[in-house]
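Asks: One structure, as structure tokens, below. Some questions next.
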Amino acid sequence: QVQLVESGGGLVQPGGSLTLSCAASGSIRSIAVMAWYRQAPGKQRELVATITSSGSTNYGDSVKGRFTISRDNAKKSVFLQMNSLKAEDTATYLCNVAGVTTTTGYVLGRAFWGEGTLVTVSS
């Protein structure tokens, strides 16, 4: 029903920047909430940031002031601008969407996940 494809991950030095993108496809009319999560090896999945269709944002404490989430509703895409990256930001970053309304007007009652893109912060 809904497919999510992330891109933009890679290797970056501490203090550097990276922008992640996630594009949703399928029979989608609108998406209420789009979000980024991350999961480092041996750690629990952690909320990075969320953004609603009206543009309201929320950030995890560890990324406030360094990361910015944005979205393009027409392109059904969400972005994560990451600045001042630290080694502890190393993780697989996963895109998540919830409150999907299909082209037939049906609201899907589950969230969807992408497969993730790896971000490695290292010198």
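The values are calculated or read from the model by the stated rules, or taken from the named source; none is laboratory data. Values in this document were obtained by computation on a predicted structure and should not be read as measured data. As a convention, Cβ positions derive from the backbone with ideal geometry for all residues, glycine included, and neighbour counts pool all protein chains shown. Just so you know, the surface numbers come from the protein's heavy atoms only, side chains and all, with ligands and any DNA or RNA stripped out. Shrake-Rupley method; radii C 1.70, N 1.55, O 1.52, S 1.80 Å.
Asks: Trypsin sites (Lys or Arg not before Pro), restricted to the stretch 1-61: which are DSSP loop and have at most 15 other Cβ atoms within 10 Å?
Replies: Lys43, Arg45
Asks: Radius of gyration and Dmax for the chain's Cα atoms, expressed in Å?
Replies: In Å, with Rg to one decimal and Dmax whole: 14.2, 49.
Asks: If you don't mind, there's one more thing I want to ask. Summarise the accessible area of the chain (1.4 Å probe, protein heavy atoms) by the percent that is carbon and sulfur.
Replies: 49 percent
Asks: Once the Cα gyration tensor of the stretch 21-76 is found, what semi-axes does its equivalent ellipsoid get, as square roots of 5 times the eigenvalues, in whole Å, sorted largest first?
Replies: That gives 23, 14, 9 Å for the three semi-axes.
Asks: For Asn58 and Ser27 in one chain, what is 0.36 nm times their gap in residues minus the Cα-Cα distance, to one decimal in nm?
Replies: Between Asn58 and Ser27, full extension yields an extra 8.5 nm.
Asks: Using the heavy atoms of the protein chains and a 1.4 angstrom probe, tell me the accessible area per residue for the stretch 1-69 in square angstrom.
Replies: 53 Å²
Asks: Taking the convex hull of the Cα atoms, report for the stretch 57-123 its projected area averaged over all directions, in nm².
Replies: Value for the stretch 57-123: 5.7 nm².
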